[in-house]
Amino acid sequence: MQNVCFIGLGTMGLPMALNLIRAGNTLTVFDLNEMAVDQAVAAGAGRVDSIRELSKASDVVITMLPDVPEVEAVMGGENGVIENAKKGALLIEMSTIHPDTTRRLAEDAAAKGLRFLDAPVCRSSKDAEAGTLLILVGGEESDLESARSLLNVMGSEIEYCGSVGSGITLKLINNTLVQGIAVALNEALMLTEKSGISIDALSSVCSRTAASNWLLEKAYPNKVFKNDFSLGFALDWAAKDVGHTVSLAKSLGLDSRVSEVALAWLTEAQEAGLGRQDAFVLSKFMAEK
């Protein structure tokens, strides 16, 4: 039986960790939020006082953290995972961060004799609870196979994307495409309503043309059109992801003006205090401008 540790018990991380426990894995957890740690411990997890202690005892280290600073703080330094994990341990980095950071951490891990996968997740917190996430994996295929039994507990679909960094890159591209479509759709909805045309008519036409899209057909009827902005994927997270994508595009010498428009709208909504609300609230924000 592998000793698995899970670092990062937030909105997504806690239900993912709980699913691993329910599946019978020996799990040790670490998070600065003691209430989240207590919940995992009550479900059967072990508790440690430091990342250093946890790393030394683990065969697999899973991280699910907010952004680059938190991942670097956990992974790096003399008390971090990379410096203290035992040789041959597998690090599974599931946070949504910048691909440059992912690849640098993978190189640092390899220099210490550690294996590394980037495995960010798609879908919502409800899918994290249900174990139905889509997990995008970058790294050695042999390492994916050794991790597959764990990943299959947290997700219903595992997509192998290629070398280290490819999983997180595709995650950012996917999330940015969603936000770009959302901004265009929000504008289309405003034009439709101001023109005195029903949203049903718009949906009917788009469903039979190249303009068909999942947001208009599924997500908006279940969320936006019901004025339901209960948290599934926070606007702050959407802005962070699009920001990383714009940064990546610039580093590759690419024009990213559509992504930059989406980022501008998300940033403006953040400045209006909507960051912790569901990202779909952007539709309401744009309509009220």
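The values are calculated or read from the model by the stated rules, or taken from the named source; none is laboratory data. Quantities reported herein were computed from a predicted structural model and do not represent experimental measurements. Here the Cβ is made from the backbone with ideal geometry for all residues, glycine too, and neighbour counts use every protein chain on show. These accessible areas exclude ligands, DNA and RNA; they are computed on the full protein's heavy atoms, side chains included. Shrake-Rupley method; radii C 1.70, N 1.55, O 1.52, S 1.80 Å.
Couplings for the range 226-237, taken from phi via the Karplus curve 6.51 cos²θ - 1.76 cosθ + 1.60 with θ = phi - 60°, read 9, 6, 9, 10, 4, 5, x, 9, 5, 4, 4, 5 Hz in order; Gly and Pro are left as x. Would you check the accessible area of LEU252, probe 1.4 Å, heavy atoms only, in square angstrom rounded to 10? Per-residue accessible area (LEU252): approximately 110 Å². For the range 103-120, backbone phi angles converted through the Karplus equation (6.51, -1.76, 1.60; θ = phi - 60°) give residue-by-residue couplings of 5, 5, 5, 5, 5, 4, 5, 4, 5, 9, x, 9, 9, 8, 10, 9, 8, x Hz, Gly and Pro being listed as x. DSSP beta bridges confined to the chain are antiparallel in about 15 percent of cases. Ranked by solvent-accessible area (1.4 Å probe, protein heavy atoms only, all chains present), the residues CYS122, CYS161 order from largest to smallest as CYS161, CYS122.
Computed from phi, the 3J(HN,Hα) profile of the range 274-289 under the Karplus parametrisation 6.51, -1.76, 1.60 (θ = phi - 60°) reads 9, x, 8, 8, 4, 4, 5, 5, 4, 4, 5, 4, 5, 5, 8, 5 Hz, with x in place of Gly and Pro.
A Gaussian network model of the chain, with springs between Cα atoms under 10 Å, assigns the largest mean-square fluctuation among GLY232, GLY196, GLY131 to GLY196. Its DSSP H runs of at least 4 residues, each contributing -39,500 (n - 2.57), put the calculated 222 nm mean residue ellipticity of the chain at -15500 deg cm²/dmol, to the nearest 500. Straight-line cross-link reach from LYS87 at under 22 Å between alpha-carbon atoms covers these lysines, not counting any fewer than eight positions away in the same chain: LYS56, LYS112.
Checking every one of the GluC sites (Glu not before Pro) in the range 36-103 against DSSP loop status and a limit of 12 other Cβ atoms within 10 Å picks out GLU78. Among rounded, prolate and oblate, which fits the chain when a ≥ b ≥ c are the square roots of the eigenvalues of its C-alpha gyration tensor, a/c under 1.5 means rounded, and a/b larger than b/c means prolate? Prolate, because a/c is 1.5 or more and a/b exceeds b/c.
Among SER163, SER207, SER55, the residue with the largest mean-square fluctuation in a Gaussian network model of the chain, with springs joining Cα atoms closer than 10 Å, is SER207. Backbone amide hydrogens, once placed in the peptide plane, bring LEU114 within less than 5 Å of GLY88, excluding anything fewer than 5 places away on its chain. The order of VAL68, VAL178, VAL61 by accessible area, most exposed first and with a 1.4 Å probe, is VAL178, VAL68, VAL61.
Beyond 22 Å in Cα-Cα separation lie the following of the pairs LYS126/LYS226; LYS223/LYS289; LYS226/LYS289; LYS86/LYS240: LYS86/LYS240. The H on the amide N of VAL48, modeled in the peptide plane, is under 5 Å from the matching H of VAL29, each at least 5 residues off or on a different chain.
When only alpha carbons are used to place a centre, the range 216-246 and the range 1-20 end up 24 Å from one another.
For the range 17-68, rounded, prolate or oblate, judged on the Cα gyration tensor with a ≥ b ≥ c (square roots of eigenvalues), a/c < 1.5 rounded, else prolate if a/b > b/c? Cα axes put the range 17-68 in the rounded bin.
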